[in-house]
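Each value in this text was obtained by applying a stated rule to the coordinates, not by laboratory testing. Quick caveat, the model's predicted, so the values are computed rather than measured. We place every Cβ from the backbone using ideal geometry, glycine too, and count neighbours over all the protein chains shown.
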């Protein structure tokens, strides 16, 4: 079964540092997403990406965040200057056009710890 | 009002029990609904989509009431392996983002 792959599985960074979280979506998928889940809280939408541009973003996705699809396979989330409150699980997801009725495929996540 | 509301639980049930989870959503224009399952510190995994006519997948039955904006999940003959958090999820917006409820935790004991 096709998978969404995320790296690294765990990242520890100092406050103020930049981090890049990487995702390889399923190859024939067209829509890509980042979600985050703070420990003990619900999964929250961050951003959606389609046709090489951001299609929608949440209030959480401020100027510290950016996304890229640099080479047609990778999909990255960059946090420019991390804060303690950025500590969370970050999940990448992808879906094809037919997938809306069948749900999304999520990666196994990157646990980001900001110290 | 929260976009998707669920009873957080936990529901502690013995093996073999039947358990039901409920969920309400606020956006009457929502078109697609799902139940996801999430194990501790893992990614959400699709359990089943929810259709207007109701649908069943083995021991799992999902129901949707659009008039009441209410979704349910029934698990029959609970197994130890059903222990997890069950997430009610609604598809929303022009680019179809998923809106998650906070989840209902289920613990099945021997």
For peptide A:104-112, what's the mean number of Cβ atoms from other chains within 10 Å of each residue's Cβ? 3
How much FRET efficiency would the formula 1/(1 + (r/R0)^6) give for residue B:65 and residue A:39, where r is the Cβ-Cβ distance and R0 is 35 Å, rounded to 0.05? 0.60
Which shape class applies to the protein assembly as shown: rounded if a/c is under 1.5, otherwise prolate when a/b exceeds b/c and oblate if not, where a ≥ b ≥ c are the square roots of the Cα gyration tensor eigenvalues? prolate
Residue order, fewest to most beta carbons within 10 Å, for B:36, A:104: B:36, A:104
Put a dot 7 Å past each Cα toward the Cβ at residue A:3 and residue A:80; how far apart are the dots in nm? 3.4 nm
Mean other chain Cβ within 10 Å across B:42-55 is 3
Rounded to the nearest 0.05, what FRET efficiency is calculated for residue B:26 and residue A:58 with R0 set to 25 Å and r the Cβ-Cβ distance? 0.95
Counted neighbours (other Cβ, 10 Å), sorted fewest up, put B:100, B:33 in the order B:33, B:100
Please report the relative contact order for chain A, taking Cα pairs under 8 Å with a sequence separation of at least 6, and give it as a percent rounded to a whole number. 39 percent
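What percent does the relative contact order of region B:1-67 come to when contacts are Cα pairs within less than 8 Å and at least six residues apart?
21 percent
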